[in-house]
Amino acid sequence: MNVHLYLYYSAAGNVGKGRPINMLRRKGLNLMKKECIAMIFADGREAGLGALTDCLAKSAVFYGGSRRIMDFTLDNCRRSGIDAIGILTQDSSGGLYSCIGGDREWSSPVWGRNLFMLSPAEKAGEYGSAADALFRNTGFMEQFDPEYVCVLSGEHIYRMDYARMLDAHKKTGGDMTIAVLPAPFSEARRREILDVDEDGAILGFRETPGGTRNNLTPMGVYIFNWRALREYLSTAGKYPAARNDFCEDVVPALLNRGKRLGAYRFDGYWRNVRTVEDLWASNMDLVRDPPEFSLQEEGEKIIDSSHQPFYMIKGEGVVRRSILSGLCSVFGKVERSVLSDSVVVEEGAEVTESILMPNVYVGKNAKVHKAIVAPNARLMNDVEIGMEDGADDFVSGCLCTNGVSLIGAWVHVAEGTALQKNSHVDNGLFVSKSSSRRVSVTRAAGAAPALEMTLQGSSSD
């Protein structure tokens with residue numbers, strides 16, 4: 001694995017067990033001067049995603065088949081020519097290593113040397129806030145002697161050229177530029193709204209869109225002049241637990257110091273996946289006709305035939321308006337769905353408007369509708385998920401809404417079991433039906449407590 005893991009960078013520029021950070025240069029790492037570097041927040045947990053983020057960072061959740069949410073931010077950096085990237089995470093678990101390591105593109109000799117996992121030392125404690133994480137890695141950033149720092153979130157789905165934004169930032173001569181996009185006024189009251197004048201200068205925040213010049217909301221992309229960011233961190237870092245909303249912290253602080261802040265308007269596809277329904281809907285955007293967001297630039301295809309390489313669609317198998325990843329085996333019917341690696345859909349099974357993550361097994365004559373099924377779940381013969389009828393034991397009015405169900409990782413749903421729509425089944429449960437039509441639940445034997453795994457092929461037994 002070529003991804004670099006460094007446990008902790010203090011503001012004084014020390015690494016982990018007291019080794020000076022400049023020793024990294026002697027090991028041949030590419031810490032030369034960079035015009036612009038990127039710092040990515042990538043350790044968020046999202047309560048609204050239920051079982052998916054119980055033991056997995058939101059940025060490592062699967063999306064669009066074989067991808068992870070964080071892939072979009074990393075790919076944006078690659079496309080934009082940013083080749084020094086610090087990934088800020090509380091620890092190296094939570095699936096982040098499997099997200100950027102292993103045999104994935106990000107661990108290649110070319111890109112692996114540009115990624116740095118930045119975790120706090122055990123004795124130093126967890127990062128208290130976004131500003132605290134940046135402050136404690138000031139030494140890391142200083143090693144590149146950058147002119148600009150791009151601060152990003154690894155938890156959003158979008159495609160963007162940061163180089164264009166950087167050019168716009170340079171032209172304004174400002175201290176910080178924030179990428180913004182319009183929020184529907186129906187949603188604006190629950191989102192941050194920036195007050196932006198006719199020249200694109202940011203004046204501050206408004207709690208509601210009423211009385212503002214626009215409905216622009218930040219999208220988690222910030223470009224700083226390094227000097228302005230370093231000055232801000234020198235104060236903000238002293239109060240690490242004050243608040244964890246980076247934008248709400250930094251905008252007033254810089255404005256109060258007389259800094260110039262500008263807005264960069266983005267008009268492309270962007271999604272922040274906060275809930276189970278958000279994740280389901282953003283995946284469905286890929287298989288609409290026409291797609292609202294396309295992955296074809298990365299080589300993914302919307303397929304309607306059974307003649308695609310690396311998939312096996314045999315017998316009565318039918319696939320329509322769906323994405324299939326490598327080593328999928330489909331003997332049943334799949335429509336408007338997204339299948340990750342090594343998924344098996346047996347004869348007579350029907351999968352519609354669903355997301356099946358790696359190593360999911362769907363047995364004969366099973367029916368899965370409007371569901372997200374997490375890695376290594378097994379839905380045995382004649383199982384029904386997301387139907388009008390069935391057991392209501394797992395129906396969740398909070399986590400799963402509008403008919404979308406979530407089946408956790410390593411869940412085993414026994415033959416003939418039916419679960420109603422809006423069901424939420426926690427990781428590692430064994431679910432079976434009883435004569436009373438209710439279900440019995442036990443912890444599945446050998447269920448893994450975490451989702452960081454080496455993907456294996458599914459079997460049908």
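Side notes on the structure shown:
- Residue within segment 31-48 that is under 15 Å from LEU96 (Cα atoms), part of a loop (DSSP other than H, G, I, E, B), at pLDDT 90 or above and not assigned by TED's automatic domain parsing to the domain that holds CYS398 present: no
- Some residue of segment 393-412 being without any contact (Cβ under 8 Å) to a residue 12 or more places away in the chain, assigned by TED's automatic domain parsing to the domain that holds TRP280, more than 20 Å from VAL287 (Cβ to Cβ) and surrounded by fewer than 23 Cβ atoms within 10 Å (Cβ to Cβ): yes
- Counted residues, segment 243-262 - those being modelled with pLDDT under 95 and either hydrophobic (A, V, I, L, M, F, W, C) or not assigned by TED's automatic domain parsing to the domain that holds ASN214 (or both): 7
- Note on segment 325-359: residues that are crowded, with 20+ Cβ neighbours inside 10 Å, small (Gly, Ala, Ser) and within 18 Å of ARG67 (Cβ to Cβ) amount to 5.
- Condition check for ILE87: of a type outside the set (D, E, K, R), part of a loop (DSSP other than H, G, I, E, B) and modelled with pLDDT of 90 or more: no
- Looking only at residues of segment 394-431 that are of a type in the set (Ser, Thr, Tyr) and under 25 Å from the mean Cα position of the chain (by Cα), we find that the one that is modelled with the lowest pLDDT is SER396.
Matching residues to (1) assigned to a helix (DSSP H, G or I); (2) farther than 27 Å from ARG45 by Cα:
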| residue | (1), (2) |
| --- | --- |
| GLY128 | no, no |
| ALA133 | yes, no |
| PHE140 | yes, no |
| MET165 | yes, yes |
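- Condition check for ASP145: in contact with a Lys or Arg (Cβ under 9 Å, 6 or more places away or on another chain), at positive phi, assigned by TED's automatic domain parsing to the domain that holds VAL61 and at pLDDT 90 or above: yes
- Restricting segment 263-304 to residues that are small (Gly, Ala, Ser) and surrounded by fewer than 18 Cβ atoms within 10 Å (Cβ to Cβ), the residue that is modelled with the highest pLDDT: ALA281
- Close contacts from segment 251-266, counting a first residue that is assigned to a strand (DSSP E or B) and a second that is of a type in the set (S, T, N, Q), with Cβ to Cβ under 7 Å and a gap of 6+ residues or different chains, come to GLY262/THR172; GLY262/THR177; TYR264/THR177.
- Total residues in segment 354-381, condition closer than 16 Å to GLN420 by Cβ, among the charged types (D, E, K, R) and assigned to a loop (DSSP other than H, G, I, E, B): 1
- Of all residues in segment 53-65 being surrounded by fewer than 24 Cβ atoms within 10 Å (Cβ to Cβ) and part of a loop (DSSP other than H, G, I, E, B), the one that is modelled with the highest pLDDT: ASP54
The values are calculated or read from the model by the stated rules, or taken from the named source; none is laboratory data. Computed from a prediction, not measured in an experiment: that's the story for all the values here. When we count neighbours, we look across all protein chains shown, and the Cβ atoms used for this are built from the backbone with ideal geometry, even at glycine.
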